[in-house]
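Below is one structure, written out as structure tokens; comments come after it.
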2 protein chains.
Amino acid sequence: MAETRWLDDHEQHAWRAYLRMNAVVGAALAKQLQTESMLSMQDFEVLVHLTDVDDARLRVSELARAMRWEKSRLSHHLSRMEKRGLIGREECASDGRGAFIVLTPQGRAAIEAAAPSHVDAVRRFFFDVLTDDDVKALDSLAGRVIARVEATDTCPAE
Amino acid sequence: MAETRWLDDHEQHAWRAYLRMNAVVGAALAKQLQTESMLSMQDFEVLVHLTDVDDARLRVSELARAMRWEKSRLSHHLSRMEKRGLIGREECASDGRGAFIVLTPQGRAAIEAAAPSHVDAVRRFFFDVLTDDDVKALDSLAGRVIARVEATDTCPAE
DNA sequence: CGAACATGGATGACGTGTCAACTATTCCGG
DNA sequence: CCGGAATAGTTGACACGTCATCCATGTTCG
């Protein structure tokens, strides 16, 4: 294998900025959601997916696919959310192995209370300082990066 | 407070792409580092900072400041790394409270082995699909976002 | 039917991050 | 010099993520 091609100064700088942006935006949004709504980002994400379907009830595996989470991660997280009364589990009549996840009234109340201030925070911390061109550029490059990573790990032959 | 201003379609799409890019790039790099070098991203980051200084020794608080990690997080992480022999702790003569963190030979060997393939992965998953303009745009927008978030949480008066 | 196998999902162990509390030193104003 | 603050760092509890494993039910095929 050839000599390593290190990052040049611009790449280095952009890479660090990218990493740091992720860190600070993630932390800021998480803190906002936690302090104002007592929800983690993950809780929020689960609740969003549940409210997105008609009857607010999903099979665990559908939810996992929609969120692109591992089953195990989701199962652990659902247990924590169930303990807090945000969601419930129900048995599935047609498949004895399966379980439905249902949104509880408290879960619905929690996300309805949380969503507006969360969106405000996303604007405040992110979109407020971006131009339309920035948004377009970001969307475009993110799409390419996602495609690249996913292409690589689904067919790891190189 | 006025009606919530939800994200429009472009913003929504870009925001999801951004979040997903973070998730997949982070996961791919973490997995690469873990499987090829038995290091987590955090291990790597700590080791990078240690090798960046002349004598490969730093006070815990300097390291925390440089990495912008909470003391507690760093302390926990250093304990785990110490257990694996990547770093060591030494008492500080001039300040009885303090401790130096030192890079062990194994720690140095680990990062020297890990760095080239990590950089390769960063290129493969990220820079390879970006143009110079993308890199410039990303660096610029990330800088603005970081500034905004940091301005907000250091002076939370609004 | 019944044995192999696949699928849905839960669990346990362990690494990681955060918050709050704690210990031990050092500093600083009397 | 003393007593209270600030500082350096650790610890414990708990939330979260991953991996490997496990169990129960379904499916398939001889």
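The values are calculated or read from the model by the stated rules, or taken from the named source; none is laboratory data. From a predicted model like this one, the values you see are computed outputs, not experimental measurements. Please note: Cβ atoms are built from the backbone with ideal geometry, for glycine as well, and neighbour counts cover all protein chains shown. We work out accessible area using only protein heavy atoms, side chains counted, and drop any ligands, DNA or RNA first. Shrake-Rupley method; radii C 1.70, N 1.55, O 1.52, S 1.80 Å.
Send over the semi-axes of chain B's equivalent ellipsoid, whole angstrom and largest first, taken as the square roots of 5 times the C-alpha gyration tensor eigenvalues.
Calculated on Cα positions only, the semi-axes equal 34, 23, 14 Å.
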Report, in whole Å, the centroid distance computed from the Cα atoms of region B:96-140 and region A:8-45.
19 Å
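Stretched out fully, how many nm does the piece from A:Thr35 to A:Asp128 gain, at 0.36 nm a residue minus the Cα gap? Could the numbers behind the result be given before it?
Working: separation 93, 0.36 × 93 = 33.48 nm, distance 2.19 nm.
The A:Thr35-A:Asp128 span can extend by a further 31.3 nm.
Could you quote the convex hull projected area for region A:58-130, Cα atoms only and averaged over all directions, in nm²?
Values: hull surface 24.8 nm².
Averaged projected hull area, Cα only: 6.2 nm².
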What 222 nm value per residue comes from the helices of chain B, counting each DSSP H run with n ≥ 4 as -39,500 (n - 2.57) and dividing by all residues, nearest 500 deg cm²/dmol?
-22500 deg cm²/dmol
Could you list which residues have their amide H under 5 Å from that of B:Arg59, counting only those 5 or more apart in sequence or on another chain, with H placed in the peptide plane?
B:Ile101
Reachable lysines, given that their alpha-carbon falls under 26 Å from the alpha-carbon of A:Lys83 and they are not under 8 places away in the same chain:
A:Lys31, A:Lys71
Set of aspartates and glutamates near A:Lys136 by C-alpha distance (under 12 Å), chain-local residues within fewer than 8 positions excluded
B:Asp9, B:Glu11, B:Asp134
Using a 1.4 Å probe on heavy atoms of the protein chains only, the accessible area for B:Met38 in Å², nearest 10, reads 130 Å²
Output, in nm with one decimal and in ascending order, the distances from the B:Gly85 label point to the matching label points of the other copies (7 Å from Cα along Cα-to-Cβ).
5.2
What gaps in nm, shortest first, separate B:Arg97 from its twins in the other copies when you place the label 7 Å past Cα toward the beta carbon?
5.7
Label spacing, shortest first and in nm, from B:Pro116 to its equivalents in the remaining copies (7 angstrom along Cα→Cβ):
5.8
